[in-house]
Amino acid sequence: MFTEIRKENPFQEIMDQILENVQSGKLHKGDALPAERVMAESLGISRPMLREVLRALNILGVITTVHGGANYISENLENSMIRPLSILFRLNNSSVYQNQQLRAALEVECAILAARNCSPVDAAELQLIIAKLDASQDESERADLDRQLHIKIGEMAKNPMIFGVMSASAQLTENIITGIRAYIMQKQQSVAHVDEQHRNLVSAIISHDEELAENCMKEHMRTIENYIKEISGM
């Protein structure tokens with residue numbers, strides 16, 4: 001699984017070997033990495049050098065380190081963009097509104113691709129989420145269902161690059177403005193409006209109407225942007 005490195009750029013070479021093992025399928029989500037001693041011997045490096053690489057991969061969200069020092073490939077690699085995006089956000093002194101603009105562009109593209117790719121199973125899952133949203137009166141549950149709907153549409157795009165960055169951007173917005181989904185769900189007039197937008201969006205996707213899905217998502221993202229301005233006092 002691991003081979004001795006050339007030591008021209010040991011940090012990069014070690015990281016590349018770990019990532020290549022994930023990419024090739026030799027390591028899967030949730031798999032444990034070999035013990036540090038075994039890995040260090042296989043790579044021909046010191047354990048302190050190996051730990052530096054593992055720390056970097058942990059920061060990137062590629063691996064998870066548990067109590068006792070064991071390292072595992074992250075179960076949710078799609079979220080590995082959250083920390084790098086957070087760093088970029090801070091270094092550029094970006095606003096939450098600018099982050100939402102990034103998310104909106106990706107969400108719109110996901111809606112178009114979802115309409116193109118929608119299968120009968122996808123359609124049934126989308127309709128089930130909408131039915132649960134219509135039936136629920138619990139703000140926390142509705143916020144979670146809203147999140148599930150956007151994740152499902154992102155997955156239907158079948159583009160892990162778009163989905164990864166979009167998910168990270170959405171999570172970053174929620175990290176900055178805690179409870180933004182719950183805030184929207186608390187406002188009765190807003191709930192009816194957002195619910196209608198969700199229904200129209202899902203209907204367009206199920207009908208494979210890419211242009212309508214694009215327009216529905218654009219309208220929905222404009223609504224979210226307005227709430228962000230309202231919450232942040234912009």
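Structure above, values below:
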{"quantity": "Sites excluded, GluC sites (Glu not before Pro) in DSSP loops with at most 12 other C-beta within 10 Å, longest stretch of the chain", "calculated": "76-234"}
{"quantity": "Relative contact order of region 10-75, pairs being alpha-carbon contacts under 8 Å that are 6 or more residues apart, as %", "calculated": "39 percent"}
{"quantity": "Using alpha-carbon coordinates, inclination of helix 82-91 to the longest axis of the chain, degrees", "calculated": "80 degrees"}
{"quantity": "If the convex hull is drawn through the Cα atoms of region 10-75, its volume per residue in Å³", "calculated": "79 Å³"}
{"quantity": "Extension gain, residue 38 back to residue 52 (0.36 nm per residue minus Cα-Cα distance, nm)", "calculated": "3.5 nm"}
{"quantity": "With Cα atoms, 0 to 90° folded angle of helix 120-135 axis to the chain main axis", "calculated": "60 degrees"}
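Coordinate-derived values only; no laboratory data. None of these values were measured; they are calculated from a predicted model. Note that each Cβ is placed from the backbone with ideal geometry, even for glycine, and that neighbours are counted across all protein chains shown.
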